[in-house]
Every structure is written in structure tokens, then in C-alpha cells.
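The values are calculated or read from the model by the stated rules, or taken from the named source; none is laboratory data. Remember, predicted model here, so these are calculated numbers, not experimental data. No Cβ is skipped: glycine too gets one built from the backbone with ideal geometry, and neighbour counts run over all protein chains shown. Side chains are part of the model used for accessible areas, which takes the heavy atoms of the whole protein and leaves out ligands, DNA and RNA. Shrake-Rupley method; radii C 1.70, N 1.55, O 1.52, S 1.80 Å.
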Amino acid sequence: MQSSPDDEEEHPEGPPGGVYDGSGMSDSPGKLISLDALDIALGGQTVCHVPPWTLRQGERWWVRGPNGAGKSSLLRVLAGALWPAPGQHERRRYHLEEEVTWSPMAAKGKIALLNPDRQNRYLHQDWDLSAAEVVATGFLDTDLLHQRPRPEECDRLSAVMKQLDVHALWERPFLELSQGERRRVLIARALATDPAVLLLDEFAEGLDHASREALWKTLDSLAKSGKAVVLTTHRPEPVLETEGWQTLDVRPARPIPSEKAAASRLPGNWKRDAILFQARGDLYLEGQRLIRDLEWVLHEGEHAVVLGPNGCGKSSFMRLVWGELHLAHGGQVVHFQDADLTVHQIRRQVSYFQPDMHAWFRPERDAEEVILSGLFSTIDLFNPVTDGQRDQVRAVAETFRASAFLDRPFGTLSYGQARRVLLARALVARPRIALLDEPFDGLDREVQEQLFEVLETYIQSKETTFILTSHHAEDRPAWIRQRLYIRLDRTLEKARD
């Protein structure tokens, strides 16, 4: 839902009716969107500069720029969900109809935006929708299905789900699908109204190699059918360097700091070689066996990475360590050599960074409160906060180079900034085990390296043992020596470097 015209970066005043005074009729066959050089502002501050640019039918564009440069905001501007900076509304023009206009109403139903918030919304709200129902919500662009699709919409629904190779998932609950399956379902949802433009924000993150390859082929097919595709991704996928893909570079309004993160040493207080976690048995989820004959012991300081294809059970394994899931009857799980610990006691010593955490917090909450919630393993703050706890938050924010935006609303942060805040939240309570599920997705290589250095300070302090999941070999820090691979035969393969 769009804001009122009084919000300066959302809806500046413009000429009546939204007709672009300088162009009149559409002047170029195939032209869909055109931009003059413009700025994008959030929270009253300019975040990036965009050069002159034109999008035409069948084109494929890769929007590039470092974390915080404004790439996601640019896609929202193209989708009509965000206005350019005040006074620059006429610099964005839509050529989707006979008459050229700057009004975002022209984009409705003709430009589809898919970003991480869409998937996170379904996960966070725990809506019980089937894959087909999620796709069908795309006809009216609603979160829930408020009316049954008409016969012609049912035909379209079936066709687009076949196109994305998700027709076999028709009746499957969306929340039970793998990351790759969910992403394909959401792209099918975006295509429900047969839009002319598809905008994809970090759409390939969290997907294994096979799932990414399948999605690239889908995008190639969509472009050949005449649809324009614009995407952001921090990973320089080889396909983006091939013929057919063009690049658009956005420039941040202010230099993004690149100095190394400050190294803050925390006092170690462990006994070396202490056993932190033990598990033996079969792991099930919703009646499906994910890992059979699981037998694993985690010692202090033996940091591990969990690998495997989408849907193999990596996140469920993390939830087992977090105390949320249990092994089948006859299995045994022991945390910190005490089988009688309650879930509350476990979570005082185990933190969990999850890929959908961005959707957990209200956008108006400031970043400091988000980090503070990590001290209590809650989402909202229910108890008074002491000065000492605020000092603890400021210290971890400085370590993660998040001090500059502690007082900013969480919803105004860039993807990379939000990741820093959420990682700081995961470590503010100094957990004995930190579970980081795909923590580096959506981050460019420079930011990843900075975060590797930050996490290494915790390694040196010998205070926290890390378990990570990843689809990408480059996302594995050098200090991780233990690899756990969940095989297709549902066994856990263990290896050490």
C-alpha cells in the first residue's frame, strides 16, 4: 500500500494525471521503462545515484553495486513501490501503454517484483497455503487467497506452474518446500498476471548449484519470450558474463567504509575440549525422515559447516541443535553434557541466525532494539534494559561496524546493513554455540571478508563455537575445519580438513 503525498520520498507532488509532459505518446517500439539520471532517497537521505537508463522488451539486466549502494531500492523504484528523490518524479517514465506516464499506477499488473521479503512473509506468518494457492495470490497481488480463481485464471495457473516446473507441487504446503522449490513457486506467482517486466532481488541466494542453473534457464526462456528481466545478485555468476546480459551500475551517495572491522577480544572462559552437543538417532520432520542414523558430537572450538542440496535438511539440523526439533523415539540429544536442560536454558547458550529473520522485526523498530532482543532470545522487549546491556549492544555493534545506524529504523537499512545488525544480535549474548544459517547470502565479497574477520575475533576468544550452513564453497571461512554433508541417501557424512 502506497503512502500519502506528504511522504517526501514516497509520493512527491507531480502534474495532474501523471502524464509525462515532455514525451507524449510512446516513441520507441519495445521501450518499457526509461530513467533520466536520478537519485533515490530513504528516510530523508539520498542513498544512491542512478545513471540514465532504458529497459526494453526481452532485455536482461544485472544491477551491480556494493552492499548499501541502493540496488534493492532501485528495483522498488522501477516497480512503482518507491518514488525517486523529491522533485525527480518525472525522471522515471513508463512506456507500458500508448501514453507515456510517470505515474506508478502504470506499473500495476505489468511489473512484478520478487524480493526476499515476499518469501519471508509467508514463513514468518506461518500461513497454511499450498503451492498452487501461493501462485494464485499473484492474480490480485495479495498475501492470502481471498477468492477462488476464475476458469481462465485456473488455466493460467496450471500453465505457469508447468513453465516453472512446480506443477507437481500443486497441493504441497508451501512451508514444507525446499528453498529452491519455494523460489520457483514465487517466480510462478510473479508471472501469474503475465507481466512485461520481472524484477528479481537476490533471487538466487540460498539455492544450490542445480537450483540456480534451473533458474538461469528459466530466465533465459522468459527473455526469449519477450519479457524483460532485471535482477540484483552479489555473486558474479558466470552466466551474467555471457552475451545477452547487460549491466547497470548504481553509485552510493556516500562512500561505503572499507576499513577492516575492529577486533574486539572477549574473555575466554571455557575448559578446552568440552562437549557442547551430542545427538544419536533419526531426524524426522512432518513424518519425513531427513537424516537416518545420525551420530555426531560437537566439541568446543570445533567449528563446522553443514552442506547439502536444497531440501536435504540443513535448516532442520540447525533447529535440532537449537532445541526446537527432537529425534525420533529412541534417539538422544544432550546439550552441554546435561540431558535435563529446558529449551529456555538451551537458548540462553545457543543463538540462531536464520535467513528469514529480516521479517521478524517491525520495520519501525530501531536497530539497537533488534540487537537488544538477542540478549533475551525474544523478538520484542518485555523487560527493562539496563545501561550495562546497552553498553553490551554498542560494543558488539562497533565490532560489526553497525554503530552508525543503531538509531535508524530497521526497515530503512540496506540488505547488507540489516545482515550486520542480525549477526550482531546473534552474538550479543556471547553464546557458547552460534548457529548461522546461510549468513553470507546477499553480501558482496568485500563485506563477506570483513565479516569473516569479525567472526574470527570470536574464534580467537575461544568463547563461541560456530555451525554454519552454506551452498557456496567461498562462503566457508578458513577457520572452519569440520564438514558435515547431508547426502541424498539421508546419511550424514563427516570430514575434517
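Pull out the extension gain between K110 and A159, defined as 0.36 nm times the separation in residues minus the alpha carbon to alpha carbon distance; nm, one decimal. Intermediate values should be presented prior to the final figure.
Numbers: separation 49, 0.36 × 49 = 17.64 nm, distance 1.82 nm.
Residue separation times 0.36 nm, minus the Cα-Cα distance, leaves 15.8 nm.
Please report, in whole Å³, the volume per residue of the convex hull around the C-alpha atoms of segment 63-148.
Numbers: hull volume 12.2 nm³, N = 86.
Per-residue hull volume (Cα only) is 142 Å³.
Using 7 Å Cα-to-Cβ label points, what is the E97/D293 separation (nm, one decimal)?
6.5 nm
Once you have a ≥ b ≥ c as the square roots of the Cα gyration tensor eigenvalues for segment 348-426, tell me rounded if a/c is under 1.5, and otherwise prolate or oblate according to whether a/b is larger than b/c.
Working: a/c = 1.32, a/b = 1.15, b/c = 1.15.
Rounded is the answer for segment 348-426, as its axis ratio a/c remains below 1.5.
So if we plug the beta-carbon distance of E237 and R56 into 1/(1 + (r/R0)^6) with R0 = 22 Å, what FRET efficiency do we get, rounded to 0.05?
Details: r = 22 Å, r/R0 = 1.02.
With a Förster radius of 22 Å, E is 0.45.
Which residues in segment 427-454 place their backbone N less than 20 Å from a point set 7 Å from the Cα of T342 along the Cα-to-Cβ direction?
432
Assigning unit charges at the beta carbon (Lys, Arg +1; Asp, Glu -1) and nothing else, what dipole magnitude in debye, to the nearest 20, does the chain show about its Cα centre?
On the way: 60 positive and 74 negative charges, 233 e Å.
Taking the Cα centre of the chain as origin, the dipole is about 1120 debye.
Pull out the extension gain between D249 and H146, defined as 0.36 nm times the separation in residues minus the alpha carbon to alpha carbon distance; nm, one decimal. Walk me through the numbers on the way to the answer.
Numbers: separation 103, 0.36 × 103 = 37.08 nm, distance 3.99 nm.
Computed gain between D249 and H146 is 33.1 nm.
Residues of segment 275-423: accessible area per residue at 1.4 Å, in Å²?
On the way: 6650 Å² over 149 residues.
Counting only protein heavy atoms, the per-residue value for segment 275-423 is 45 Å².
For helix 387-399, what angle does its Cα long axis make with the longest principal axis of the chain, in degrees from 0 to 90 and rounded to 10?
Once rounded, the angle reads 70 degrees.
Give the calculated FRET efficiency between D128 and E324 to the nearest 0.05, with a Förster radius of 22 Å applied to their Cβ-Cβ distance. If you can, show how the numbers build up before the last one.
Working: r = 19 Å, r/R0 = 0.85.
Efficiency, rounded to the nearest 0.05: 0.70.
Excluding residues on the same chain fewer than 8 positions from K162, give the lysines whose Cα lies under 24 Å from its Cα.
Those lysines meeting the cut-off are K110, K217, K224, K227.
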